[in-house]
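The values are calculated or read from the model by the stated rules, or taken from the named source; none is laboratory data. Fair warning: this is a prediction, and the values are worked out from it, not measured in the lab. Here the Cβ is made from the backbone with ideal geometry for all residues, glycine too, and neighbour counts use every protein chain on show.
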Amino acid sequence: MSRCDLHIHSKFSARSEEWLFRRFDFPDSCTEPIALYEQLRASGMDFVTITDHDSIDGCLAIADRLQTFISEQVITYFP
């Protein structure tokens, strides 16, 4: 069975969903995508993806690495 964390944010998740983070204008993460990739692979993940808010920039930063794929966390609002 393969391992992959499907909820990881990098520095490209600029606006948090958490009200306290938004209040002080803190991002969800300040971590570089390459550092995330290396840490996740070292911890035993077979595949790595980054699910930044409304952005695939984190994924594109590691797209040249082995065992990666593109994903994104899409924020939607309903009336």
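Here are the numbers for this structure:
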read-out: Positions within the range 61-79 being in contact with a His (Cβ under 7 Å, 6 or more places away or on another chain) and either among the charged types (D, E, K, R) or surrounded by 12 or more Cβ atoms within 10 Å (Cβ to Cβ) (or both), in sequence order; value: Q73
read-out: Any hit, the range 53-65, residues being modelled with pLDDT under 95 and not small (G, A, S); value: yes
read-out: Pairs, first more than 30 Å from D64 (Cβ to Cβ) and without any contact (Cβ under 8 Å) to a residue 60 or more places away in the chain in the range 19-35, second in a loop (DSSP other than H, G, I, E, B) and among the hydroxyl-bearing types (S, T, Y), C-beta under 6 Å, six or more apart; value: R22/S16
read-out: Residue selected from the range 61-76 under the condition over 11 Å from the mean Cα position of the chain (by Cα) and of a type in the set (S, T, Y), by the criterion nearest to T31 (Cα to Cα); value: T68
read-out: Residue list for the range 15-60, filter: surrounded by fewer than 16 Cβ atoms within 10 Å (Cβ to Cβ), over 11 Å from the mean Cα position of the chain (by Cα), assigned to a loop (DSSP other than H, G, I, E, B) and not basic (K, R); value: E17, E18, F24, D25, F26, S43, G44, D46, F47
read-out: Of all residues making up the range 1-13, the number that are surrounded by 10 or more Cβ atoms within 10 Å (Cβ to Cβ) and more than 11 Å from the chain's Cα centre (by Cα); value: 2
